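In what follows, a single structure is set out as C-alpha cells and then discussed.
The values are calculated or read from the model by the stated rules, or taken from the named source; none is laboratory data. Source: prediction; values computed, not measured. Cβ coordinates were reconstructed from backbone atoms using ideal geometry, including for glycine residues, and neighbour counts include every protein chain displayed.
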2 protein chains.
Amino acid sequence: MDKLDQFKLWSQELTHLRGISSILAWDQEVIMPPLGAEFRAQQRATLAGISHSKLVDPALSELLDELENEDLQELEQVNLRELRRQHEKALRVPETLVRELAEVSAIAYEHWVRARRDSDFSVFEPWLSRIIELKREEARCIALGGSSYETLMDEFEPSAKESQLEAVFSKVRPRLIELLQRIDGSPVRPKSLEGVYPVKEQDAFGRKILTSMGFDWNAGRLDTSPHPFCVGLTPNDVRITTRHTENDFSRALFGMIHEGGHGLYEQGLDEANYGFPVCDSTSLGMHESQSRLWENQIGRSRSFWEHWYPQLRKAFPGQLDHLSLDDFVLAINQVSPSLIRVEADEVTYGLHIIMRYEIEKKLISDEINAPDLPDVWDSKMEEYLGIRPSNAADGVLQDTHWSQGLIGYFPTYLLGNLYGAQLLNTASKEIPDLDSQTRSGNMSGLKEWLRVNVHTVGRALSASDLISKITGEDLSANYFLDYLDEKYSELYRL
Amino acid sequence: MDKLDQFKLWSQELTHLRGISSILAWDQEVIMPPLGAEFRAQQRATLAGISHSKLVDPALSELLDELENEDLQELEQVNLRELRRQHEKALRVPETLVRELAEVSAIAYEHWVRARRDSDFSVFEPWLSRIIELKREEARCIALGGSSYETLMDEFEPSAKESQLEAVFSKVRPRLIELLQRIDGSPVRPKSLEGVYPVKEQDAFGRKILTSMGFDWNAGRLDTSPHPFCVGLTPNDVRITTRHTENDFSRALFGMIHEGGHGLYEQGLDEANYGFPVCDSTSLGMHESQSRLWENQIGRSRSFWEHWYPQLRKAFPGQLDHLSLDDFVLAINQVSPSLIRVEADEVTYGLHIIMRYEIEKKLISDEINAPDLPDVWDSKMEEYLGIRPSNAADGVLQDTHWSQGLIGYFPTYLLGNLYGAQLLNTASKEIPDLDSQTRSGNMSGLKEWLRVNVHTVGRALSASDLISKITGEDLSANYFLDYLDEKYSELYRL
C-alpha cells in the first residue's frame, strides 16, 4: 500500500470510529432503556480509548512526516493538514490528563444535575473548580500560541482569534442592550400563542416544513428526546430530535426548523470525501449559522408565514383564529428578557452568550474562580438584561456545558447568528427572488445556495476564510445588528 | 497491572466491541434511514477488523499462556478457556480467508436477494458454490478433530458432536413423519383466526404478555422490523422486534413470545460477570430452547389461554366470538405441511430443519454441490412433507443463511425444541403447581426456574453439560416427541 492509501485508511478508520461513537450517543439519548447506562458508558469509553490510541500512534506521526514530501493534490493537502492538527493536539495532552478530565467530567456532571435540582451551587462548586484547573492545564499543554482561552476555543471554532471575537462582541453588546431598551419602551404587546396543539399534528406539520426545507428523509430521521439535538452519523444518516409541548406548538416547531438547519449542513457535506477531515463541518459557529438562519431569519419571518400560516391554522382548527398573520408574526418574535438562555428570544440571546463568554475567559485566565461565579453571574444578568435570578438553578447552574468541560463553546452560538446574517445578506443578492420564493413556500433556492457555498465545502476552508470567500468581507457584526434593528423596529413600531 | 487484570481488560474490550457491533446491527434493521447502508457497512467492517486484531494479537497468546500457570478460581478458568478457544479458532483462519468470506458473503447475499425475488436459482448458484468452497476451507483450517461439518457447527453449538446429533435427529425424523400422517388422517378441522386486529391493540396485548413473562422494560425494548429478532446488547439492554399483520394477530403475538423467550435469556445472564465469556448464552440451541419453550409449549397451551383468552377477546371485540377456548387452542396449533420453514407449525418444523441439516452436511463433505441443490431440496420436501415447491423462491432459495456463510446453524433450531421439552419436563417436576400457575396467568415460577438453572449459568457449562446437569440425563429426543404425541393426539383426536 502506498503512503497515501495508508493515510486514507487511517483517516477512514478514525472517521468510522467517530460515526460509531455518535450512534452510541444518539441511541443513549433517544432509544436506550434506562438500565443500559452503566455498560453503555463502558462501551463508549472503550471506543474513545481505541480512537485516541489510533490518533496518537507514532506510526501516524511517521506517515504524516513522509507525506509532507509527496506531491499532493489540494484536497489531499487539506486532509493532511487537518489530521496533523488533530494528531498534534492529541499528542500534546498527556494521557493522564485526558483520563482525569473524562473522569472528573463524569462526576462533575452528576453533581451539576443534583446541584441544579436542589438549586445549590455549593454541591457543584468543588467539581467545577477541578474542571477549571484541568482545562487551564489542558490549554497550557496544547498552547497554540494565543491565550489559553483561544486555545480551548480552537476545539470548537478552529483558527478563531480571540481578538476578532472581542472586536465583534464588544460591538454587539451595547447595540443589543440599546435595542432591548427601545423594545421595552414600546407600547406594542404581543398576543399569546397558548392553545391545544396535539402532538401528532405538531409532528406532521414539522415534517412538512422540514420537507420543504429539503431535509432528505431517505438520509435522515426525526425522533423525540428530552434535549433536542442533531447528529450526523454520516452524510447519509443524519438524525434530528425534538420535544413537544401540548399547549405551545412553537417550541417544538422552531426547534425542528433549528435542528433541520443543522441537519441540512450534515446531509450536504461532500459524501464523495466521507472518511476524510474535509467532509466535516468547518466549525460549530458555522454549524449554528445554519440552524439560526433557518430558525430565525427564515422561520420567524413574515414572508415565510405568508405561505405557512393558513396551513398552520388548518392543522390546529380553532386555536389561532384570534391572531391575524401580523399578530402571529409578532407573537413568534416576542422579545422579553428572561433568565434562561435556551428560552431566550433573538435579541436577548446574544447577551446571554456574551456574559458567558466574558465569564469563561476570566475563569481560564485566573481572574476569577468557581466560588466567585454566582455573584459574577447575577451582576452581569442585571447589567445586561435588567433582571436578577432568584436562585442558582435559574442562574449560574442552568447550563450543562462547564460541567462537561466545554469551555470556549458558548461564543459559537453567537458567532452562528453573525455568520448566518452575513450569509443571508449575500444569498439575498445572489438569489434576487429569494423573498418571493419564501412567500410561496419554495425554499429550494436557498437550500441549494447554502449547499454549494457552505455545506459541500466542509473543512476545506476555516469558518472565517469561508465567510470572507462567500461574502467578500471578514466577519462583521453589522449584518446581524442591522437585521435585528430593521425587523424589530417594524414589529415593535420603534 | 497484574496478568489477571490485563486479561480482564482484554476480555472487556472484546465484549464491548461485540456489544457495539450489535447496536450497529440493531440500528440498521430497525431505525437507520435507507441511504445509511453503504457507510454503515464500512463502519461495521472497521469494527470487525479492530475486534479481529485484538483477538489474534500475539500479546494475547502470551498472556493466555502465562495465566495457565496461575492459581485461578473456577470462573476465571472458564473465562480463560473460552477466550483461548476463540483466540485459537481465530488464529487458525488466515486473514485472507476471513476477508474473502466477508466480501463473498456480502455479494452472495445481494445475489440471493435477487435470485429469490426472481425465483431464479442460477443467479445465486455460482456465489453459493464459492461460499461452500470457502466454508470447506475454513473448516479444514480450524480442524477441531471431528468432521468438517462438526467444526463449522461448533461456532453456533460449541462442543456439539455430530454423532449425538445424528442419533437424536434420526429418531425424530420418522416419528415426525408418522405423526404428520396421523394428523393428516384426522377428521378434525381447525377454524380460521382471520379477522381485523388493529396493530395498536396487538402491540398492547403483546406487551402485557411479555410483562407477565417477566420481560424487564427497564432493561429492554420492543420495536418493529421486517425480520423479527432479539439482540442482547448487554444484559441490561435487550431488544426484541416483531412485525404485525392486520388480519392475523397470531403471527406477531407468537413472534413476540418467541423473541421474549430469547430476551429473558439475555436479561438473565449474570451481569456481575458482564465483560467475560461466561456471561454469554451457552449455545444457539440453548437460546432457541428458551424461545420455543415459551412460544409453543407455554404460549400455545390450553392452560395459558385459560387465563389469556378472555382478555384477548376483550382486546379485539367481535373478532373471536365464533371460537370457543377449545376451538381457539386448536386453531393456534393447526398442523399442515407447508413450503416455508418460518411459517411451519410445531410438528412439521423439525422436518424442515432435518432436511436442511442433511443437505448442509453433504455440501460440506463434498457429496453434493451447489448445482445439485434444487433437485435435492425438492425431493426431500416430497419425501418428508409430501409436498413439492413449484418454484425455487418457495424452495431452496427461501432461507438467507447459506448466502451469509451460516452453515451448521440450522440444527440449532431443532436442538432448541429438544432442549426446551427436556427442560420443561424437569421444571414441571420441580415446580409442582406450574400448570395451575400458568392457568392463573402467573409465569414467575417458570421464569425464575429458567433464570437460576439456565440463564445465570451462561457459558460456565456447554449446552450438553448443562442439559445433563439440570435434567439428570443426556440430550434425548423423547421429551419432545412425547410432548408432541400427547398434545396432538388430544387436539386432533388421534
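Structure summary
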quantity	calculated
Residue ID - farthest from B:E82 (Cα to Cα), chosen from residues in the range B:1-11 that are surrounded by fewer than 18 Cβ atoms within 10 Å (Cβ to Cβ) and of a type outside the set (A, V, I, L, M, F, W, C)	B:D2
All positions within the range A:228-252 that are in a loop (DSSP other than H, G, I, E, B) and under 20 Å from the mean Cα position of the chain (by Cα)	A:P228, A:F229, A:P235, A:R243
Selected residue (only one of B:G416, B:G408, B:G395 is closer than 29 Å to B:D216 by Cβ, within 22 Å of the chain's Cα centre (by Cα) and not charged (D, E, K, R))	B:G416
Selection count, the range B:1-13, where residues are in contact with a Gly (Cβ under 9 Å, 6 or more places away or on another chain) and touching a residue at least 60 places away in the same chain (Cβ under 8 Å)	3
Members of the range B:27-53 that are more than 9 Å from chain A (Cβ to nearest Cβ) and over 26 Å from the mean Cα position of the chain (by Cα)	B:S53
Conditions (1) of a type in the set (G, A, S); (2) outside the structural domain of B:D375 (by TED's automatic domain parsing); (3) without any contact (Cβ under 8 Å) to a residue 12 or more places away in the chain; number of the one not met by B:G146	(3)
Residue check, A:P126 more than 14 Å from chain B (Cβ to nearest Cβ), surrounded by fewer than 14 Cβ atoms within 10 Å (Cβ to Cβ), not in a loop (DSSP other than H, G, I, E, B) and not charged (D, E, K, R)	yes
Looking only at the range A:209-227, and only at residues there that are under 23 Å from A:D248 (Cα atoms) and assigned to a loop (DSSP other than H, G, I, E, B), the one that is nearest to the other protein chains (Cβ to nearest Cβ)	A:S225
Residue among B:G263, B:G206, B:G255 that alone is within 14 Å of another protein chain (Cβ to nearest Cβ), part of a helix (DSSP H, G or I) and either of a type outside the set (A, V, I, L, M, F, W, C) or buried (at least 22 other Cβ atoms within 10 Å of the Cβ) (or both)	B:G263
Any hit, the range B:285-307, residues being at pLDDT 95 or above and either within 14 Å of chain A (Cβ to nearest Cβ) or at positive phi (or both)	no
Residues that are among the charged types (D, E, K, R) and out of contact with any helix residue (DSSP H, G or I) (no Cβ under 8 Å at 6 or more places or on another chain), drawn from the range A:290-346	A:R313, A:K314, A:D327, A:E343, A:D345
Considering residues of the range B:430-444 that are farther than 12 Å from B:E306 by Cα and in a helix (DSSP H, G or I) only, the residue nearest to the chain's Cα centre (by Cα)	B:S444
Selected residue (only one of B:G408, B:G395 is of a type in the set (G, A, S), in the same structural domain as B:L180 (by TED's automatic domain parsing) and touching a Pro at 6+ places or on another chain (Cβ under 7 Å))	B:G395
Hits in the range B:404-429 (condition: aliphatic (A, V, I, L, M) and in a helix (DSSP H, G or I))	B:L414, B:L415, B:L418, B:A421, B:L423, B:L424, B:A427
Only one of B:P317, B:P277 that is touching a residue at least 60 places away in the same chain (Cβ under 8 Å), out of contact with any strand residue (DSSP E or B) (no Cβ under 7 Å at 6 or more places or on another chain), assigned by TED's automatic domain parsing to the domain that holds B:A477 and not in a helix (DSSP H, G or I)	B:P277
Residue list for the range B:368-400, filter: within 23 Å of B:S122 (Cβ to Cβ), touching a residue at least 24 places away in the same chain (Cβ under 8 Å) and part of a helix (DSSP H, G or I)	B:A370, B:P371, B:L373, B:P374, B:K380, B:M381
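Conditions (1) among the polar types (S, T, N, Q); (2) within 23 Å of B:T245 (Cα to Cα), marked per residue:
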residue: B:R292; (1), (2): no, yes
residue: B:S303; (1), (2): yes, no
residue: B:H307; (1), (2): no, no
residue: B:D321; (1), (2): no, yes
residue: B:L325; (1), (2): no, yes
residue: B:A331; (1), (2): no, yes
residue: B:L339; (1), (2): no, yes
residue: B:E343; (1), (2): no, yes
